[in-house]
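Student: I have a structure here, written as structure tokens, and I will follow up with some questions on it.
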Amino acid sequence: MKFKSTLVIAVSLWLMPTPSMAADKVHQQLLAEIRMLQEQQAQLQQMLGGLADTLKTMNAKIDDQTGATRKGFADQMLVINGISDGVRVLREKSDDTNVRLATMTQEIESMRQAIQSAPAAAPAAAVTIDPVTGAPTGAPPAVPTQPSSSGVSPGKAFDAAFYDYTSGQHDLAIQGFEFYIREFPTSPRADDAQLGIGNSYYALGNYKEAVAAYQKVTAIYGQTDSAPQAWYKLGLSYEGLKQPELARRAYETVIKLHNAAPDAQLARQRLDSLIKK
């Protein structure tokens, strides 16, 4: 009995874990935990590396966008500054133009007063037209030779009359052109002034007076560059007076005398229109 008890105790003692075995188990657990921590650390390092790359890429994009934005802003500022400079220049030009217009208006008004106060010209001899050719007959009307006594320069006098014509003030234009011819009869633009008288009457629908004015151009200034238009407008005026035969002769004359002029081509078109009627 005593032997059995001793045997049981010995076996129990042999089966019981020794301090060395317990230490090994703890050591293994620690190693396992360390490996897990190392793996987790590696994963974290990998994640941090990916985040760093992402942040680097994002920073690069932000820098690019910032640079593009700055460049765009700088370009916009250049455009805005350019527009501002353009507006400033336009304002300066506008102010200068307004001053010049005011000055010209005063000069034109002064010339109108001079024109109205000037003595009336003696009536010119009537121009007669050959019924067959439509050309002026007889001696051409004399060109007045009395020099200007109004103190108005030829350029300003003509510009004032032409301004009235282009502004639709045809009655004033007629006065201005007549004043110009009376004051500056030998001026190189006297033919333009006489043509302007005819054009002003034509614009007013006063075809009878327009005919007389255009006849003066063809008779007095027949060798100038105003003659082709005068012949053509003479034909139009005759059409306005319901005199197609005289209109036809005027058109034929401009084609014959000034075949290369643009008004000759217009006259051909009007002739075709008259033939078709």
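Student: For an R0 of 22 angstrom, estimate the FRET efficiency from the Cβ-Cβ distance between Gln223 and Ser273 and round to the nearest 0.05.
Tutor: Step by step, r from the Cβ atoms, then E = 0.15.
Student: Right, something else. Please report His27, His170 as a ranked list, fewest other C-beta atoms within 10 angstrom at the top and most at the bottom.
Tutor: His27, His170
Student: Just to confirm my numbers, what's the Cα centroid distance between region 56-95 and region 218-241 in Å?
Tutor: Going from one Cα centre to the other spans 60 Å.
Student: Points 7 angstrom from Cα along the Cβ direction at Thr57 and Ala23: gap in nanometres?
Tutor: 5.3 nm
Student: Fewest first, what order do Tyr202, Tyr214, Tyr163 take by the number of other Cβ atoms within 10 Å?
Tutor: Ascending Cβ contact count within 10 Å gives the list Tyr163, Tyr202, Tyr214.
Student: I need Leu204, Leu30, Leu246 ordered by Cβ neighbour count within 10 Å, fewest first.
Tutor: On the way: Leu204 14, Leu30 10, Leu246 18.
Ranking Leu204, Leu30, Leu246 by Cβ neighbours within 10 Å, fewest first, gives Leu30, Leu204, Leu246.
Student: So what's the convex hull volume per residue for the Cα atoms of region 153-277, in Å³?
Tutor: Once divided by residue count, the hull of region 153-277 is 96 Å³.
Student: What distance in nm separates the two pseudo spin-label positions at Ser84 and Leu257, each 7 Å out from Cα along the beta-carbon direction?
Tutor: It works out to 6.3 nm between the two label points.
Only the coordinates and a few stated rules stand behind these numbers; no lab work does. Note that the structure is a prediction, hence the values are computed from the model and not measured. A quick note on method: Cβ atoms are made from the backbone with ideal geometry, for glycine too, and the neighbour counts reach across all protein chains shown.
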